[in-house]
1. Among the residues in the range 103-125, are any within 21 Å of W314 (Cα to Cα), touching a residue at least 60 places away in the same chain (Cβ under 8 Å) and not acidic (D, E)?
2. When the residues of the range 305-323 are filtered to those that are touching a Ser or Thr at 6+ places or on another chain (Cβ under 8 Å) and of a type in the set (A, V, I, L, M), which remaining residue is surrounded by the most Cβ atoms within 10 Å (Cβ to Cβ)?
3. What's the number of the condition A225 fails, among (1) touching a helix residue (DSSP H, G or I) at 6+ places or on another chain (Cβ under 7 Å); (2) of a type in the set (A, V, I, L, M, F, W, C); (3) surrounded by fewer than 17 Cβ atoms within 10 Å (Cβ to Cβ)?
4. In this structure, does K260 turn out to be among the charged types (D, E, K, R), at negative phi, surrounded by 14 or more Cβ atoms within 10 Å (Cβ to Cβ) and part of a loop (DSSP other than H, G, I, E, B)?
5. I'm trying to understand the selection: among the residues of the range 116-142, which are surrounded by fewer than 21 Cβ atoms within 10 Å (Cβ to Cβ), β-branched (V, I, T) and modelled with pLDDT of 95 or more?
6. Only residues that are of a type in the set (G, A, S) and surrounded by fewer than 15 Cβ atoms within 10 Å (Cβ to Cβ): list them for the range 204-219, please.
7. Search the range 68-86 for residues that are on the phi > 0 side of the Ramachandran plot and pair each with any residue that is surrounded by fewer than 21 Cβ atoms within 10 Å (Cβ to Cβ) and aliphatic (A, V, I, L, M) when their beta-carbon atoms are under 9 Å apart and the residues are at least 6 apart or on different chains.
8. Does A266 satisfy the criteria of being in contact with a Gly (Cβ under 9 Å, 6 or more places away or on another chain), surrounded by 23 or more Cβ atoms within 10 Å (Cβ to Cβ) and among the small types (G, A, S)?
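The values are calculated or read from the model by the stated rules, or taken from the named source; none is laboratory data. Model, not experiment: these values are computed from the prediction. In this analysis, Cβ positions are derived from the backbone assuming ideal geometry, glycine residues included, and neighbour counts consider all displayed protein chains.
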Amino acid sequence: MSWRAAAGLGVLLVAAAVGLGLSFGRIARPPAPTPIHVSVTTSPLPSPTRVLVDEATLFKQPISAGCATTDSVFVFTNGGGMLRYDGTSWAQIDDTLRSLTRAACGQGIAYAVGPVGELAIVDEVARQIRSTAVATDDLYGVGTFADGALLVGANGSVYLLYQGDIQPFAAGIDENLRDVAIFGLQSAWAVGQDGITYRLDQRGWNPVGSGQTKTLLSVAATTSADAVAVGEGGVIVRWDNGWQAVTSSVTTTLRDVIIKPSVWIAGDHGTLLTGTLGALRAIDLHTQCDLVAVFSRGNEIWVLGNAGVAGGAWRLTLDGAVAQHFGGC
């Protein structure tokens, strides 16, 4: 990827442009941008040499997000460092006190975003960690696709990371966007404030009513026609030629969802649901920690929990059995 070239130059190209709103509430993607320069901090990943660590000590951090590549599980914190699990042991790969609250992984790369436009990228191939402030708006969500990532956040901010450049990728959206799933440059879902959803197609961004008024915090999708979103008050909606409400049987805030290899939903006070939509069952992890992230790695399901100043991680089998538990959450 051209990120390697950008990092070598010590700069990140950020494109700034003004998009034009289309009729009927449609939001246009911006035209060709004019690059500007933003400072990038680059640091190497630690040596792969394994160092024995106290896992309980490592997890005494405010766990907020995580994701998995083929080789690694990455855990990010809101005001702490970054952790990596290689399948055998945990290590703290960075102790910079960054505030990162959402993460997504692609092929050999992890993206994490946070307040005041914070973006951190862990590149396993280049063995580098890169970080920058994309904008002044808080970033709440990130989704990956083959050639990069889409970042969303406060005040309708949408940024595309593509072939080493970052550029604004929407104009005229006012709501806070909390998460995004992207399939290509002309296909994505974004969800957020007051149940708002936006669908990206070749015409631009289109608002689509979800029938909900509570904020949607997470969206997962395999295609633009196969999507699930979850949020405050136990809200779950699925796309079936329109958003349809799904009974969750819980009222706690639901913070994350995946639908592949199967449906898993994580939420506050230890809420963890799995099964089929309409027939969800609860998995009891024997914790009251808020479950802030759920993601898959092969045939494993990973769940992350946050207890304020500490956290935990669970590695589950597909049927919900706990294979390993790390940390004190």
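1. Looking for residues that are within 21 Å of W314 (Cα to Cα), touching a residue at least 60 places away in the same chain (Cβ under 8 Å) and not acidic (D, E), one finds at least one in the range 103-125, hence yes.
2. In the first step, residues of the range 305-323 are kept if they are touching a Ser or Thr at 6+ places or on another chain (Cβ under 8 Å); the result is 305-306, 311-312, 318, 320, 323.
Among the residues that remain, those that are also of a type in the set (A, V, I, L, M) are: 318, 323.
Details: L318: 14, A323: 10.
Among those that are touching a Ser or Thr at 6+ places or on another chain (Cβ under 8 Å) and of a type in the set (A, V, I, L, M), it is L318.
3. (1)
4. Spelling it out, it is not the case that K260 is among the charged types (D, E, K, R), at negative phi, surrounded by 14 or more Cβ atoms within 10 Å (Cβ to Cβ) and part of a loop (DSSP other than H, G, I, E, B).
5. The answer is V116, and nothing else.
6. G209, G211
7. Taking only residues 6 or more apart or on different chains, the pairs are G79/L97.
8. Values: in contact with a Gly (Cβ under 9 Å, 6 or more places away or on another chain): yes; surrounded by 23 or more Cβ atoms within 10 Å (Cβ to Cβ): yes; among the small types (G, A, S): yes.
Judged against the criteria, A266 is a match.
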